[in-house]
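To start, the structure under review is shown below, and the notes come after it.
A short reminder: the numbers here are calculations on the coordinates, not readings from a lab. What you see is a predicted model, and the numbers here were worked out from it, not measured in a lab. A quick note on method: Cβ atoms are made from the backbone with ideal geometry, for glycine too, and the neighbour counts reach across all protein chains shown.
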Amino acid sequence: MVSKELETAINRQINAELWSAYLYLSMSVHFAHKGLPGFANWFKVQFKEEQDHAHKLMNYLIAKGNKVELQPIAKVDTAWDSVLKAFEVTLEHERVVTSLINDLASMSRKENDFATENMLQWFVNEQVEEEETAQSMIDGLRLIGDNGFGIYTMDKELGKRTYTPLATTSGAE
Ligand code: FEO
């Protein structure tokens with residue numbers, strides 16, 4: 001079992017991952033309405049990946065004999081001025097998630113809970129990737145600026161992103 005404190009903190013992280021999923025689902029719907037199916041697809045894949053992150057944590061708590069407690073998910077925005085703005089918000093959001101993961105990792109280290117620390121390492125690495133991806137989208141979109149053809153081309157490109165389910169059955173993979 002993990003300690004009661006860590007159980008509460010991991011449950012908070014589950015909520016944060018579902019909150020991330022909800023934000024990206026909202027972005028996906030927004031861009032679908034705006035006639036940008038590729039951006040909508042990209043955020044829909046992101047939405048599914050965040051659900052996997054939540055599942056990974058849930059399955060870890062279950063495997064350890066702890067309790068999963070799902071809480072209400074915070075409200076998210078439903079519109080963004082531009083695709084660039086949406087990715088800026090994404091980067092800010094991922095930075096918040098990174099700091100939550102770091103807090104959790106440091107808590108598990110303080111408790112000498114090596115299994116939890118090890119499980120969280122996957123999330124530490126994932127966050128590096130998440131921030132890097134959002135930053136590279138921002139860089140690309142800043143280069144494109146107001147160029148409609150550039151946005152059209154990027155939309156086509158992002159439409160190709162596919163979802164690969166994450167193995168979430170064990171906390172250690
Ligand atoms: Fe689950 Fe985007 O971090």
Helix 4-33 sits at what angle to the longest principal axis of the chain, using alpha carbons and giving 0 to 90 degrees rounded to 10? 10
Can you spot the lysines whose alpha carbon is less than 24 Å from Lys67's alpha carbon? Ignore those fewer than 8 places along the same chain. Lys4, Lys48, Lys56, Lys110
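Using DSSP to call loops (not H, G, I, E or B), can you name the trypsin sites (Lys or Arg not before Pro) in segment 73-138 whose Cβ has at most 16 other Cβ atoms within 10 angstrom?
Lys75
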Compute the semi-axes of the equivalent ellipsoid of segment 4-158, taking the square root of 5 times each eigenvalue of the Cα gyration tensor, and list them largest first in whole Å. 33, 16, 12
